[in-house]
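Read the structure below first, then the notes.
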Amino acid sequence: MAQQMQALVLHGVGDARYGAVPRPGVPAGWVLVRVAFCGVCGSDIPRVFVKGTYRFPTICGHEFAGTVAETGSSVDDYAIGDRVAVFPLLWCGKCAACEQGRYVQCEDYDYLGSRRDGAFAEYVAAPRQNLLRVPDGVSFEEAAMTEPAAVALHALRRGGCKAGDAAAIFGAGPIGLMAAQWARIMGASRILIFDIDPAKLDIARRCGFANLYNSAERNPVDVIREVTAGRGAHIAIEAAGVPQTTVQALDAVRDSGRVVLLGNPSGDVTLPAALISRAMRREITIAGTWNSTYSARGGDDDWRTALDAMASGALRLKPLITHIVPLDQAWETLKNIRGKAGVFSKVLIQP
Ligand SMILES: [Zn+2]
Ligand SMILES: [Zn+2]
């Protein structure tokens, strides 16, 4: 009989159960990872409570790090006990995007934690080519946040953030605050952060940011104009996915400014004709961003940059952690996040 493990298994929309399931098998070229921590992504809440996964039952959780527990045949460069972070997208390796190494545009991908079993469990199986070593000095808690940190970095790269920029960040959730930190690392001179939740602005303060504004009290566009002598921001990051902040981000940038759409949209956005006209005259650039770059051959990518910035201390992720909960309490916690029963920034599940 297969060995058992504890997991939080999603059996249907809004129906997750904690219990014992068989440990995943380890095919050739794959490894079994003992999960140390798995973060709750903003996308997990609608996935679990509204949209569901591609099939049931599924184990969710795609932001994780841990140690190698078993190696499949033909894996000779990882040993049991090695500390790893895992790129959760499993690319097909055959399509045109894969041939160019653009795995997130793969036409036939699989995904740990949504299309196949992920890491709200003691163990998860992953291909060896999806593993990265966690540098010394980077904790498992931090390493479990490599995925969102890489996603935030990718957004700033898509927006061409550079030294001296005035950057406006809409949304002070974990991704927004990681984006703000990348803006700081890239040399932005002014970083203005907007949210309607004072508790989230407090977490931003703990990350070392000072220019924090409650957009329920002051119109962000007015604030940005005031701070930039009427010119607007060089770059605006929409990290809330809210129609109103999308409109504000488009209105917040100066001539040749860049707007990056990062937050998962929560509704349709209506753009006033006058705003479109201003965006045209200003020749602004709107950039979509999706996921992050990952190199299977050890080249520069968003993942390695994120782990390196954690190791150097440039990227400080610990202030974002508001909760660390054992796996048997994960379901209760997910319900509390959904019901907004408490202040949640980054929540880590510890199986
Ligand atoms: Zn995520
Ligand atoms: Zn592909």
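Key figures
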item: Any chance A330 is surrounded by 19 or more Cβ atoms within 10 Å (Cβ to Cβ), within 22 Å of the chain's Cα centre (by Cα), in the same structural domain as A36 (by TED's automatic domain parsing) and in contact (Cβ under 8 Å) with a residue 40 or more places away in the chain; result: yes
item: Lone qualifier among V104, V9 - being of a type outside the set (S, T, N, Q) and in a helix (DSSP H, G or I); result: V104
item: Every residue from the stretch 188-213 that is touching a residue at least 12 places away in the same chain (Cβ under 8 Å) and surrounded by fewer than 16 Cβ atoms within 10 Å (Cβ to Cβ); result: S189, P198, A199, R206, G208
item: Count of residues meeting criterion [part of a loop (DSSP other than H, G, I, E, B) and either over 30 Å from the mean Cα position of the chain (by Cα) or of a type in the set (K, R) (or both)] in the stretch 251-277; result: 1
item: Filter result for the condition that a residue is of a type in the set (S, T, N, Q), more than 22 Å from V221 (Cα to Cα) and in a helix (DSSP H, G or I), over Q129, Q181; result: Q129
item: From the options V26, V48, V21, residue that is more than 21 Å from W290 (Cβ to Cβ) and assigned to a strand (DSSP E or B); result: V21
item: Odd one out for C60, checked against (1) out of contact with any strand residue (DSSP E or B) (no Cβ under 8 Å at 6 or more places or on another chain); (2) assigned to a loop (DSSP other than H, G, I, E, B); (3) in contact (Cβ under 8 Å) with a residue 40 or more places away in the chain; result: (1)
item: Scan of the stretch 78-105 for residues that are more than 16 Å from ligand 1 (Cβ to nearest atom), within 19 Å of the chain's Cα centre (by Cα) and surrounded by fewer than 19 Cβ atoms within 10 Å (Cβ to Cβ), ordered by number; result: R102, Q105
item: Selection count, the stretch 233-250, where residues are in a loop (DSSP other than H, G, I, E, B) and in contact with a Gly (Cβ under 6 Å, 6 or more places away or on another chain); result: 3
item: Residue check, A279 under 29 Å from V221 (Cβ atoms), in contact with a Leu (Cβ under 6 Å, 6 or more places away or on another chain) and not hydroxyl-bearing (S, T, Y); result: yes
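The values are calculated or read from the model by the stated rules, or taken from the named source; none is laboratory data. On a predicted model such as this, the values are computed, not experimentally measured, just so you know. Because the Cβ atoms are built from the backbone with ideal geometry, glycine has one as well, and the counts that use them run over all protein chains shown.
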